[in-house]
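First up is the structure itself, then whatever we jot down about it.
The values are calculated or read from the model by the stated rules, or taken from the named source; none is laboratory data. Being a predicted model, the structure only gives us computed values, none of them experimental. Because the Cβ atoms are built from the backbone with ideal geometry, glycine has one as well, and the counts that use them run over all protein chains shown. Calculation scope for accessible area: heavy atoms of the full protein, side chains included, ligands and nucleic acids excluded. Shrake-Rupley method; radii C 1.70, N 1.55, O 1.52, S 1.80 Å.
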Amino acid sequence: LRDRTGLGMMECKKALEESNGDVETAIDNLRKSGQAKAAKKAGNIAADGAIIIAQGDNKAFLLEVNCQTDFVAKDENFTAFAEAVANIALENNVTDVAAIAELPYGNGQTVEEARVSLVQKIGENIQVRRVEVLEGSNLASYRHGLRIGVVVSFEGGNADTGKNLAMHIAAFNPVAVDDESVDADLLAREKDIIEAKARESGKPDNIVEKMIEGGLRKYLEEVTLLRQPYVMDNDKKVGEVLKAEGVKVLAFKRLEVGEGIEKKQEDFAAEVAATQALANK
């Protein structure tokens, strides 16, 4: 039962006692209790985890799988699950998380059933959160630890060019390749903020317009790949380096663990103090 479920000795012993030694019934009961445990854990914030990159012919999948702590993110059971799901998504060419959950995982389980079993085994909320896909005839990828994954599609250059570009994107986090690729809504919001600050200065309109232009130019230098100082040579812009090498960046995808998730901040000192205060009552 331990071999088939991966659970601990005492949990397996209890399950066998409750099933009168019937292994199949014990497994069914453990799966049911696992589903209940997974449902209970689902409310816990899973803001840690890993980014996995699975790459095939002319296609790369970036998958984010979340857990609650960095300790579990490094656990071999968690990383094995995350890597398996990324490869399953790639092999089946499925990007919808709900659809991925229904794909076969192995050992007679779906991905969702394997996730539930892992929650039962590890004791943390685990979620397959999102998938990004990039296609291209020339792809390079880079993963910074477990937390950041990048894939870039480019023309010209060589493998080192691609890896260096991916490393730069991981470090500088651009939002687009060039000015024209920046999302219009994002640019409009940034312009509103810059304009509001400029008008607070009380300067004449013609000066305010120049301040807005300067603010937008500075913003684009910070967020567009080609305008950023190159991570390998800060004296040059990425665009300058690529032009000299005859390289063109077509697109990129970058995922970072926990983006957009509000992680609960634990104040252990306050927790200990509160516990002690209760004990002294």
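Residue pairs whose Cβ atoms lie under 7 Å apart, separated by 6 or more positions or on different chains, with the first residue in the range 197-220 and closer than 27 Å to P174 by Cα and the second acidic (D, E) and surrounded by 13 or more Cβ atoms within 10 Å (Cβ to Cβ), are I212/E195; Y219/E190; L220/D179. Across the range 7-42, the qualifying residues are those that are of a type in the set (D, E, K, R) and at pLDDT below 80, and the one among them that is least open to solvent (accessible area, probe 1.4 Å) is K41. The conditions of being surrounded by fewer than 17 Cβ atoms within 10 Å (Cβ to Cβ), at pLDDT below 95 and assigned to a helix (DSSP H, G or I) are not met by A198. Kindly check whether there is at least one residue in the range 174-192 that is under 26 Å from G56 (Cα atoms), within 21 Å of the chain's Cα centre (by Cα) and in a helix (DSSP H, G or I). No, the range 174-192 has no match at all. Applying the criterion of being farther than 16 Å from L226 by Cα and part of a helix (DSSP H, G or I) to the residues of the range 147-162, the residue that is least open to solvent (accessible area, probe 1.4 Å) is A159.
Where residues in the range 219-260 are part of a loop (DSSP other than H, G, I, E, B) and open to solvent by 20 Å² or more (accessible area, probe 1.4 Å), which of them is modelled with the lowest pLDDT?
Of the range 219-260, the ones part of a loop (DSSP other than H, G, I, E, B) are 228, 231-232, 246-247, 257-260.
Imposing the further condition that a residue be open to solvent by 20 Å² or more (accessible area, probe 1.4 Å) reduces the set to 231-232, 246, 259-260.
Numbers: V231: 92, M232: 91, G246: 95, E259: 90, G260: 82.
Within the range 219-260, the match that is modelled with the lowest pLDDT is G260.
Scanning the range 81-100 finds no residues that are open to solvent by less than 50 Å² (accessible area, probe 1.4 Å), touching a residue at least 12 places away in the same chain (Cβ under 8 Å), in a strand (DSSP E or B) and closer than 18 Å to E132 by Cβ.
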